[in-house]
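Student: One structure, as structure tokens, below. Some questions next.
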Amino acid sequence: LLTKHAEDSIAAFKKAIDRTPEAFAGDRNWKNYVRYNLAAAYLDAGSPKSTLDELKAIEPDSLDVPNRIKYFQLRARAHEQSGNLTAAAREWAELAKQAPSRGIDLSKVPMLESNFDSLLARIQDRGQLEELVEATDKSPLAPHALFRLIRRELDENKTAKASDHIREFLRLHASSPKAAEVGQWLRGLREGDSAAELSIGLLVPQTGKYARFGQRIIQGVSLALGIFDGSE
């Protein structure tokens, strides 16, 4: 496996599993170790489905912290290789969510945030991003998912939803490094709203037999908007 001979390592790992006696001391942990390496070999061989199938036989609760981290990392890589970016992001989200109760120090998980951000940037579907916001709730990855959802809503001109999520972000993640940029988005939306409020179009007749009515409409609208003060 280390020398990149994936097919040979697959055959060897399978033999190791098949030939391990059921009464072998530490049988469960040993087989989990071998199955993990078999799954990794399948991924190197370009077979992410086989990787995921093999990992299903491993119960993550039985793994110690370092191997639990590797388990979720390998699942994430397999989903990503198969093209299911949302499922890959969910694996990173699950790892982050389990961290507090499992004693996992996420600062020691290589490239956790950057891998998650990379997946989010490639997910175009807004509904999938909304699902990931829910999946990362109250986890260290929550601001990353919400940030990307807001960016997608702004790109799609969903300004009302974006405004709500921006306020939510600033309320929940004020200390995030991304808060400054999100605050700028909010100011931009407010400036846009102000400009929109000053842009008024009115179509009325100003010539012909209805010109008198058109002029009265203009005067009424001008008065209502306070364009003229009481002295005019």
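The values are calculated or read from the model by the stated rules, or taken from the named source; none is laboratory data. Owing to the predicted nature of the structure, the values given are computational and were not obtained by experimental measurement. Note that each Cβ is placed from the backbone with ideal geometry, even for glycine, and that neighbours are counted across all protein chains shown. Keep in mind that these areas ignore ligands, DNA and RNA; they rest on the heavy atoms of the full protein, side chains included. Shrake-Rupley method; radii C 1.70, N 1.55, O 1.52, S 1.80 Å.
Student: Does at least one position in segment 61-76 carry a residue that is closer than 29 Å to LYS14 by Cβ, β-branched (Val, Ile, Thr) and in contact with a helix residue (DSSP H, G or I) (Cβ under 7 Å, 6 or more places away or on another chain)?
Tutor: yes
Student: For segment 137-157, which positions are at pLDDT 95 or above and of a type in the set (Lys, Arg)?
Tutor: Hits for segment 137-157 are ARG148, ARG151, ARG152.
Student: While we're looking at this one, here's another question. Are there any pairs, at least 6 apart or on different chains, whose C-beta atoms fall under 7 Å, with the first in segment 78-101 and surrounded by fewer than 22 Cβ atoms within 10 Å (Cβ to Cβ) and the second not in a helix (DSSP H, G or I), and if so, which?
Tutor: Short answer, once both residue conditions are applied: LEU85/ILE123; THR86/ILE123; LYS97/SER139; GLN98/ILE104.
Student: While we're on this one: Among the residues of segment 131-150, write down those that are under 14 Å from LEU119 (Cβ atoms) and either surrounded by fewer than 18 Cβ atoms within 10 Å (Cβ to Cβ) or not small (Gly, Ala, Ser) (or both). Write out each step before concluding.
Tutor: Restricting attention to segment 131-150, the residues satisfying the condition of being under 14 Å from LEU119 (Cβ atoms) are 131-133, 135-136, 141, 144-145, 147-149.
Within segment 131-150, GLU131, LEU132, VAL133, THR136, LEU141, HIS144, PHE147, ARG148, LEU149 meet the criteria.
Student: Does ASP18 fit the bill of being exposed (fewer than 14 other Cβ atoms within 10 Å of the Cβ) and either over 30 Å from GLU131 (Cα atoms) or within 21 Å of the chain's Cα centre (by Cα) (or both)?
Tutor: Details: exposed (fewer than 14 other Cβ atoms within 10 Å of the Cβ): yes; either over 30 Å from GLU131 (Cα atoms) or within 21 Å of the chain's Cα centre (by Cα) (or both): yes.
For ASP18, the condition - exposed (fewer than 14 other Cβ atoms within 10 Å of the Cβ) and either over 30 Å from GLU131 (Cα atoms) or within 21 Å of the chain's Cα centre (by Cα) (or both) - is met.
Student: Additional query: Of all residues in segment 63-77, count the ones that are open to solvent by 30 Å² or more (accessible area, probe 1.4 Å) and within 20 Å of the chain's Cα centre (by Cα).
Tutor: Counting residues in segment 63-77 that are open to solvent by 30 Å² or more (accessible area, probe 1.4 Å) and within 20 Å of the chain's Cα centre (by Cα) gives 3.
Student: A further question on this structure: Please state which of the following conditions ALA93 fails to meet, knowing it meets all the rest: (1) closer than 30 Å to ARG148 by Cα; (2) of a type in the set (A, V, I, L, M); (3) at pLDDT 95 or above; (4) touching a Leu at 6+ places or on another chain (Cβ under 8 Å).
Tutor: Only one criterion in (1) closer than 30 Å to ARG148 by Cα; (2) of a type in the set (A, V, I, L, M); (3) at pLDDT 95 or above; (4) touching a Leu at 6+ places or on another chain (Cβ under 8 Å) is unmet by ALA93, namely (3).
Student: Which condition number does GLU156 fail, the rest of (1) more than 16 Å from the chain's Cα centre (by Cα); (2) open to solvent by less than 40 Å² (accessible area, probe 1.4 Å) being met?
Tutor: The one condition GLU156 does not meet is (2).
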